[in-house]
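Okay, so here's the structure we're looking at.
The values are calculated or read from the model by the stated rules, or taken from the named source; none is laboratory data. These numbers come from a predicted model, not from an experiment. Counting neighbours? That spans all protein chains shown, and the Cβs are built from the backbone with ideal geometry, glycine included.
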Amino acid sequence: MGDEGLTSISGGKRLPKHHPRIEALGSVDELISWIGLLRDYREIQNDNELLVSIQKQLMLFNAALASESEEKASEILVSATDSVNILESAIESLETTLPGLRKFIIPGGNILVSYVHITRNVCRRAERRVVKLDSTEKIPPLIIKYLNRLADYLFLLGRKINLDLDIKEIT
């Protein structure tokens, strides 16, 4: 079916695989997988429940992005109204444990921290793809806001792991 360069979205509509909607869906799907990789590390087992809820949230967002109608997308996202607040609480919690930052940091420190930063970059790409789609088709603003906050959370998570492992950040 996809050999002709087309793929189906919710409702059966077929789009070219290079369509902005498919690019957005693929980027969010990749992000879900990268977060799954992070969950495999024992160093962040305390964050496992939040990471699973993030993956579930992103799956909902992909369902909404795959929907052909704004009404259907809004119905799908009814359960997601608190999602940004949950992330913002996690961000605030991490910020209280970290020293202030006045310079850019070079990502890395160990393999897990590097994976967290790669995941953050994938998140930013997904955000850009969704914003691009929003320029031509109305996308629920919650999705863009969530992706933005998620990238912030991932940045702080990388810093927190370095701190917990006593790895000096390189500025």
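Things worth noting here:
- Scanning region 32-53 for residues that are modelled with pLDDT of 95 or more and among the hydrophobic types (A, V, I, L, M, F, W, C) turns up Ile32, Trp34, Ile35, Leu37, Leu38, Leu50, Leu51, Val52.
- Among the residues making up region 100-120, those that are loosely packed, with under 15 Cβ neighbours inside 10 Å and either under 19 Å from Ser33 (Cβ atoms) or among the charged types (D, E, K, R) (or both) are Arg102, Lys103, Ile111, Ser114.
- From Lys132, Lys138, residue being in a loop (DSSP other than H, G, I, E, B), in contact (Cβ under 8 Å) with a residue 24 or more places away in the chain and surrounded by fewer than 18 Cβ atoms within 10 Å (Cβ to Cβ): Lys138
- Residues within region 27-53 that are surrounded by 19 or more Cβ atoms within 10 Å (Cβ to Cβ), under 13 Å from Leu147 (Cα atoms) and not β-branched (Val, Ile, Thr), tallied: 2
- Cβ-Cβ under 7 Å pairs, at least 6 apart or on other chains, region 51-68 side of a type in the set (S, T, N, Q), far side modelled with pLDDT under 95 and outside any helix (DSSP H, G or I): Ser67/Ser10
- Residue in region 13-43 that is nearest to His117 (Cα to Cα), counting only those that are free of Cβ contacts under 8 Å to residues at least 60 places away in the same chain and outside any helix (DSSP H, G or I): Asp40
- For Arg124: the one exception among (1) surrounded by 13 or more Cβ atoms within 10 Å (Cβ to Cβ); (2) at pLDDT 95 or above; (3) over 30 Å from His18 (Cα atoms): (3)
- Checking each residue of region 54-68 against the condition of being at pLDDT below 95, under 14 Å from the mean Cα position of the chain (by Cα), of a type in the set (A, V, I, L, M, F, W, C) and surrounded by fewer than 14 Cβ atoms within 10 Å (Cβ to Cβ) gives at least one match.
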